[in-house]
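Have a look at the structure below, then the notes.
The values are calculated or read from the model by the stated rules, or taken from the named source; none is laboratory data. The structure presented is a predicted model; accordingly, all values stated were derived computationally and were not measured. Virtual Cβ from ideal backbone geometry, glycine too; neighbours counted across all protein chains shown. Surface accessibility is based on the protein's heavy atoms, side chains included, excluding ligands, DNA and RNA. Shrake-Rupley method; radii C 1.70, N 1.55, O 1.52, S 1.80 Å.
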Amino acid sequence: MSIALNAGAIVAKSQVYVKKALAAKAQGEHEDCQLWASFALELLAKHALATRHPSLIVDAGNPNNLLVAA
């Protein structure tokens with residue numbers, strides 16, 4: 001399975017984004033905090049889908065992506 005479809009990798013990347021969001025909040029950069037937090041939330045939503053089945057988070061426009069996820 002591709003690293004991009006790995007649920008653990010998605011959570012790890014989300015944790016990086018959460019740390020960036022918290023660092024931005026501590027510095028008073030609220031817009032940056034909201035941006036990084038939204039990226040983290042998107043990845044957590046993808047994690048929820050990927051744990052169900054990896055094909056739910058691939059780009060369906062390329063048939064090869066669906067084959068890799070299946």
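Among the residues of segment 36-57, those that are open to solvent by less than 90 Å² (accessible area, probe 1.4 Å) and free of Cβ contacts under 8 Å to residues at least 12 places away in the same chain comprise Ser38, Ala45, Ala48, Leu49. Look at segment 13-33: where a residue is open to solvent by 90 Å² or more (accessible area, probe 1.4 Å) and a partner is modelled with pLDDT under 95, sitting 6+ places away or on another chain with Cβ atoms under 8 Å, you get Lys13/Leu43.
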